[in-house]
Amino acid sequence: WLGMAGKRGALIVLEGVDRAGKTTQCSKLVQALQQSGRPAEMMRFPDRTTTIGQLIGAYLENKSDLEDHTVHLLFSANRWEMVPLMKKKLEQGITLVVDRYAFSGVAFTSAKPGFRLDWCMQPDVGLPKPDLVMFLQLNPAEAALRGQFGQERYETSVFQRTVQQRFEQLMKDQTVNWQVIDAAQNIENVHRDITAHSLNAINKAQNLPLGELWS
Ligand code: ADP
Ligand code: 2DT
Ligand code: MG
């Protein structure tokens with residue numbers, strides 16, 4: 001069912017390393033879109049509220065250990081379980097602003113020893129394809145000015161440096177609409193850049209079918 005005007009919403013993803021400002025900017029974008037009369041909702045991955053998400057949450061908080069392939073597949077399953085809801089909302093004309101997606105999934109697992117990028121991508125092949133993926137670019141020195149690492153798994157500078165390299169490999173993929181955002185700017189200027197790209201993507205997506213990621 002395609003909303004009253006028959007226009008679907010856009011799937012917009014924010015990616016980037018720890019403290020780049022993803023969560024801050026997702027909520028500001030949703031607020032700005034809503035205030036301009038465009039239906040929009042925020043989502044985040046992992047979604048720690050589901051049964052699968054609770055397993056992931058315990059793992060990230062170091063309250064449980066999971067085998068590396070297993071947790072990779074749980075992160076992917078945590079996206080797939082939301083796909084029916086995502087498609088329904090997009091068809092209703094709601095733009096979804098998503099804090100992390102399959103790109104984080106691949107970047108983080110493939111930063112572990114023994115994991116190839118292509119193996120990491122396979123479980124997410126066919127997910128709803130984002131109309132726009134913004135990578136909030138911030139170097140480690142700038143990130144450090146925003147506070148210390150937290151206590152969660154993966155929050156170390158060595159690991160984050162490898163994650164950054166994996167994101168750079170993923171950004172070479174021309175089938176995905178990547179836009180690099182200078183996340184070292186102040187919050188309002190980052191927001192202005194993100195809003196401009198998003199409005200453009202929302203307008204284009206209206207007349208295009210939703211794609212399938214990496215397929
Ligand atoms: P992420 O979700 O990418 O880890 P957050 O949005 O949680 O990042 O932001 C991390 C910290 O940096 C928060 O304390 C936030 O207030 C601050 N912050 C976010 N954007 C900026 C910015 N452009 N300049 C300075 N500090 C920022
Ligand atoms: P935040 O909740 O602070 O964003 O941190 N991650 C995320 C993965 O390893 N695989 C994934 O598929 C996703 C979506 C990144 C969540 C942590 O989980 C990592 C940081
Ligand atoms: Mg965040």
In the range 150-166, anything within 15 Å of ligand 3 (Cβ to nearest atom) and part of a helix (DSSP H, G or I) is listed as Q160, V163
Among the residues of the range 183-215 satisfying the criterion of being touching a helix residue (DSSP H, G or I) at 6+ places or on another chain (Cβ under 7 Å), outside any loop (DSSP other than H, G, I, E, B) and of a type outside the set (V, I, T), which is surrounded by the fewest Cβ atoms within 10 Å (Cβ to Cβ)? H191
Yes or no: M121 within 16 Å of ligand 3 (Cβ to nearest atom), surrounded by 14 or more Cβ atoms within 10 Å (Cβ to Cβ) and either over 16 Å from A40 (Cα atoms) or touching a residue at least 12 places away in the same chain (Cβ under 8 Å) (or both)? no
Which of the helices (runs of 4 or more DSSP H) found entirely inside the range 68-112 contain at least 2 residues meeting this: crowded, with 23+ Cβ neighbours inside 10 Å? 68-80, 102-109
Take the range 95-121 and flag every residue that is charged (D, E, K, R) and either over 22 Å from R48 (Cβ atoms) or near ligand 2 (Cβ under 8 Å from one of its atoms) (or both). D99, R100, R116, D118
Evaluate the range 80-95: report whether one residue or more is at pLDDT 95 or above, within 16 Å of ligand 3 (Cβ to nearest atom) and not hydrophobic (A, V, I, L, M, F, W, C). no
K87 fails exactly one of (1) in contact with a Cys (Cβ under 9 Å, 6 or more places away or on another chain); (2) under 21 Å from L210 (Cα atoms), namely (1)
Filter the range 1-56 down to the residues that are on the phi > 0 side of the Ramachandran plot, among the small types (G, A, S) and at pLDDT 95 or above, then identify the one that is surrounded by the most Cβ atoms within 10 Å (Cβ to Cβ). G16
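The values are calculated or read from the model by the stated rules, or taken from the named source; none is laboratory data. As the structure is a prediction and not an experimental result, all values here were calculated from the model. Here Cβ is always computed from backbone atoms with ideal geometry, including for glycine, and neighbour counts include all displayed protein chains.
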